[in-house]
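Visitor: Okay, here's the structure, questions in a sec.
The values are calculated or read from the model by the stated rules, or taken from the named source; none is laboratory data. Quantities reported herein were computed from a predicted structural model and do not represent experimental measurements. Glycine gets a Cβ as well: all are built from the backbone with ideal geometry, and neighbour counts include every protein chain shown. Ligands, DNA and RNA are excluded from the accessible area calculation, which covers all protein heavy atoms including side chains. Shrake-Rupley method; radii C 1.70, N 1.55, O 1.52, S 1.80 Å.
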Amino acid sequence: MARKLAPLADRVVIKATDEAEQRRGGLFIPDTAKEKPQQGEIIAAGPGKFDEKGGQRIPMDVKVGDKVLYGKYSGTEVTIDGEPYLILRESDVLAIVG
């Protein structure tokens, strides 16, 4: 990523992993018919959100470099320097892939 992207609070920036092109029965599946990827790598993470009662920051459970699974329709898609990224809340991350 050429530019520095720093998400705020409990948000993370994810680069979706490309899945191999799928062919079923020899038919080409166009990009519009493919499902969105649900796995990616965290390339930037915010510092965490603030606790409402004590005002202390709650640390994030995920970190840069983690491979994660996320909801199919989660987050906001953005394009930076021609590369697609997804910005979503930590709570939208379903699991860390070990």
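Visitor: Name the single residue that is surrounded by the most Cβ atoms within 10 Å (Cβ to Cβ) among those in segment 81-98 being touching a strand residue (DSSP E or B) at 6+ places or on another chain (Cβ under 9 Å) and small (Gly, Ala, Ser).
Guide: We begin by selecting, within segment 81-98, every residue touching a strand residue (DSSP E or B) at 6+ places or on another chain (Cβ under 9 Å); these are 83-90, 92-98.
Those still in the list that are small (Gly, Ala, Ser) too: 95, 98.
Numbers: Ala95: 10, Gly98: 5.
Per the stated criteria, the residue is Ala95.
Visitor: Sticking with this structure for a sec: With (1) surrounded by 10 or more Cβ atoms within 10 Å (Cβ to Cβ); (2) farther than 11 Å from Val93 by Cβ; (3) at pLDDT 70 or above as the list, and Glu19 as the residue in question, which single condition is left unmet?
Guide: The single condition Glu19 does not satisfy is (3).
Visitor: Is there a residue in segment 73-80 that is surrounded by 10 or more Cβ atoms within 10 Å (Cβ to Cβ) and part of a loop (DSSP other than H, G, I, E, B)? It would help to see each step written out before you state the result.
Guide: Just the residues of segment 73-80 that are surrounded by 10 or more Cβ atoms within 10 Å (Cβ to Cβ), to begin with: 74-75, 77-78, 80.
So of that shortlist, the ones also part of a loop (DSSP other than H, G, I, E, B) come out as 74-75.
So far as segment 73-80 goes, yes, one or more of its residues are surrounded by 10 or more Cβ atoms within 10 Å (Cβ to Cβ) and part of a loop (DSSP other than H, G, I, E, B).
Visitor: In segment 61-98, what residues are touching a Lys or Arg at 6+ places or on another chain (Cβ under 9 Å) and closer than 14 Å to Asp10 by Cβ?
Guide: Answer for segment 61-98, where residues must be touching a Lys or Arg at 6+ places or on another chain (Cβ under 9 Å) and closer than 14 Å to Asp10 by Cβ: Ser74, Gly75, Ile87, Leu88, Arg89, Glu90.
Visitor: Residues of segment 81-98 being outside any strand (DSSP E or B) and in contact (Cβ under 8 Å) with a residue 40 or more places away in the chain, which ones?
Guide: Quick first cut of segment 81-98, residues outside any strand (DSSP E or B) only: 81-82, 90-92, 98.
Within segment 81-98, Asp81, Glu90, Ser91 meet the criteria.
Visitor: Of a type in the set (Lys, Arg), under 16 Å from Ala9 (Cα atoms), open to solvent by 80 Å² or more (accessible area, probe 1.4 Å) and free of Cβ contacts under 8 Å to residues at least 12 places away in the same chain, is that true of Arg57? Can you show your working first?
Guide: Numbers: of a type in the set (Lys, Arg): yes; under 16 Å from Ala9 (Cα atoms): yes; open to solvent by 80 Å² or more (accessible area, probe 1.4 Å): yes; free of Cβ contacts under 8 Å to residues at least 12 places away in the same chain: yes.
It is true that Arg57 is of a type in the set (Lys, Arg), under 16 Å from Ala9 (Cα atoms), open to solvent by 80 Å² or more (accessible area, probe 1.4 Å) and free of Cβ contacts under 8 Å to residues at least 12 places away in the same chain.
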